[in-house]
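Have a look at the structure below, then the notes.
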Amino acid sequence: MRQSSLVVVANRLPIDDNTAPDGACEWRRSPGGLVSALHPLLRAAPATWVGWAGGTGPAPVLPDVDGVRMHSVPLSQADLHDHYEGFANSTLWPLYHDAVEQPVHHRRWWEAYQRVNQRFAEATAEVAEPGALVWVQDYHLQLVPGLLRALRPDLRIGFFLHVPFPPPELFMQLPRRAELLRGMLGADLVGFQRAQAAHNFAQLAVKVLQLPATDRRIAVDDRVVRIGAFPVSIDTAEMAALATRPDVAARAARLRHDLGNPGQVILSVDRMDYTKGIEQRLKAYSELLADGHVKVRDTVLVQVAVPSRERVGQYQDLRERVEREVGRINGEFGRVGEPAIHYLTQPFDRAELTALYRVADVMAVTPLRDGMNLVAKEYVAARVDDAGALLLSEFAGAAAELSQAYLVNPHDLEGLKQGLLTALRADPADVRERMRAMREHLHRHDIRAWARSYLSALDESDSLLTRLGANA
Ligand code: ADP
Ligand code: G6P
């Protein structure tokens with residue numbers, strides 16, 4: 001077994017299974033910001049990524065991807081159902097997002113969660129060289145830090161939660177709250193998107209485990225666990241480079257033409273998830289059409305909603321409701337060749353997505369709750385022309401950084417309608433000033449800055465970062 005000095009552990013591997021037209025299966029690097037940011041760092045280490053390759057059955061043996069070793073962990077049908085769709089996405093996901101859908105509890109799901117976390121911990125223990133740095137990601141794997149420390153006390157372990165960490169009143173609902181907290185506290189550094197989340201975590205450590213805790217440190221046994229906020233970001237430079245490509249500019253012009261050269265284009269890009277506030281946004285838009293404040297010929301809404309977690313009932317129900325509402329709005333307000341909403345459920349490549357961002361006069365990002373929301377940051381990075389108004393929910397982590405966005409409370413329908421109108425009617429000089437300030441922020445706080453700040457906090461001696469030098 002080859003071992004590495006840096007190991008990233010995440011539920012998903014950073015590669016996708018692409019099936020060619022001739023049926024041949026090919027593994028390709030997935031385009032996520034995390035992957036591109038960590039890539040130079042991982043390659044120099046050299047690093048291993050431990051994760052699930054999708055599907056069920058035996059774990060595939062995967063080739064290295066650009067020098068990064070892929071170590072796949074298998075999930076059975078029962079694991080997929082009880083761990084991924086069950087405890088991770090029907091218990092934790094809704095609870096951590098303000099319980100906007102009802103969290104479901106089943107004892108069998110907890111057993112699967114423990115079993116799968118143990119499997120990930122064992123796989124990581126095998127591939128980590130003595131004293132290695134291990135970075136565990138997200139809510140699917142909250143027990144891994146504790147389980148891994150028991151197996152390999154020599155390792156330096158980091159944990160980062162990409163989603164919100166809820167206030168104590170909500171977290172206390174979890175039947176296994178103490179075990180989940182203890183699992184995370186197996187890490188040397190626990191990172192969150194926002195300072196409020198670190199505060200919630202510290203309060204729970206006191207309340208549930210009676211540990212001495214501040215918003216920066218928690219004393220556990222004979223160790224000190226550091227906690228803090230490390231807001232994740234995107235590859236700003238890559239997005240800006242894409243946005244300035246002539247073919248992307250040409251594609252944006254073509255898209256505007258194909259949309260009927262409307263006065264204004266509103267765009268939303270979401271995974272089809274009940275946390276994203278898609279239904280509230282559609283309702284606000286439909287009322288603006290009904291009130292006559294917005295006219296179909298002048299304004300169009302493009303809603304991209306790529307299906308997600310499709311075997312989970314709450315996601316199936318949401319998709320049905322969204323599609324019924326889009327149909328109703330188009331039936332009521334559209335004209336032949338002029339729909340009120342252009343509704344797309346397809347995945348797009350980065351260039352097409354960037355062209356869409358460049359066409360959007362108003363980008364409506366209005367989740368009910370979101371850990372960060374990278375779409376908001378991608379839109380800002382793509383607006384190299386400093387045009388475009390970002391309408392952003394106060395309940396997205398991104399709002400803490402992008403304070404110059406037009407901020408709204410998506411639970412307040414009147415406020416949401418007013419926010420849309422304000423963004424649509426904003427003075428171009430005001431729009432430009434806000435966009436410029438947000439672009440400057442993202443230029444300084446890109447994904448490399450995020451990885452560097454987290455890893456240098458984890459690796460107190462800085463030995464890994466020093467070794468990696470410029471690559472870090
Ligand atoms: P979440 O992590 O909840 O899915 P984010 O907004 O943080 O929400 O991240 C979503 C990511 O998925 C972004 O990088 C976005 O560009 C990408 N994405 C969303 N919809 C599509 C789509 N239809 N095609 C391709 N990429 C998409
Ligand atoms: C969110 C989570 C990620 C997850 C992603 C896509 O961003 O924080 O951990 O990978 O959604 O969801 P999926 O269930 O398809 O992995």
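Values as computed for the structure displayed
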{"read-out": "Approximate spin-label separation Arg217-Leu151, in nm, with each point projected 7 Å along Cα-to-Cβ", "value": "3.0"}
{"read-out": "Accessible area (Å², per residue) of the chain, counting only protein heavy atoms and a probe of 1.4 Å", "value": "41"}
{"read-out": "Placed amide H near Val294: partners under 5 Å, 5+ positions off or other chain", "value": "Leu289"}
{"read-out": "Cut-off under 5 Å, modelled amide H: who pairs with Val65 long-range", "value": "Met70"}
{"read-out": "FRET efficiency estimate (nearest 0.05) - Cβ-Cβ, Ser308 to Ser456, R0 30 angstrom", "value": "0.35"}
{"read-out": "Computed over segment 236-444, Cα set: Rg, Dmax in Å", "value": "16.0, 47"}
{"read-out": "Accessible surface ranking that places the most exposed of Asp138, Asp64 first, with a 1.4 angstrom probe", "value": "Asp64, Asp138"}
{"read-out": "Cα-based equivalent ellipsoid, the chain: semi-axes from gyration tensor eigenvalues, Å", "value": "38, 24, 23"}
{"read-out": "Cross-link partners of Lys377 among lysines (Cα-Cα below 27 Å; sequence separation of 8 or more within a chain)", "value": "Lys276, Lys283, Lys417"}
{"read-out": "Rough spin-label spacing in nm, given labels placed 7 Å along Cα→Cβ, for Val206 and Asp66", "value": "4.4"}
{"read-out": "Protein accessible area in the chain, 1.4 Å probe - carbon and sulfur %", "value": "50"}
{"read-out": "Spin-label model distance (nm) - Ala78 vs Glu414, 7 Å beyond Cα toward Cβ", "value": "5.5"}
{"read-out": "J(HN,Hα) series, segment 121-130, from Karplus relation 6.51 cos²θ - 1.76 cosθ + 1.60, nearest Hz, glycine and proline x", "value": "5, 5, 4, 5, 4, 6, 9, 8, 6, x"}
{"read-out": "Bins of 10 Å, starting at 0 and running to the largest distance - Cα pair percent for segment 321-362", "value": "25, 39, 35, 2"}
{"read-out": "Charge sum, other residues only, whose C-beta stays under 13 Å from Arg177's C-beta, Lys/Arg counted +1 and Asp/Glu -1", "value": "+1"}
{"read-out": "Gyration tensor verdict on segment 135-243 (Cα atoms; rounded if a/c is under 1.5, prolate if a/b is larger than b/c, oblate otherwise)", "value": "prolate"}
{"read-out": "Mean residue ellipticity (222 nm) of the chain, computed from DSSP H runs ≥ 4 via -39,500 (n - 2.57), nearest 500", "value": "-12500 deg cm²/dmol"}
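The values are calculated or read from the model by the stated rules, or taken from the named source; none is laboratory data. Please read these numbers as outputs of a predicted model, since none were measured by experiment. So basically every Cβ, Gly included, is an ideal-geometry build from the backbone, and we count neighbours across all protein chains shown. Just so you know, the surface numbers come from the protein's heavy atoms only, side chains and all, with ligands and any DNA or RNA stripped out. Shrake-Rupley method; radii C 1.70, N 1.55, O 1.52, S 1.80 Å.
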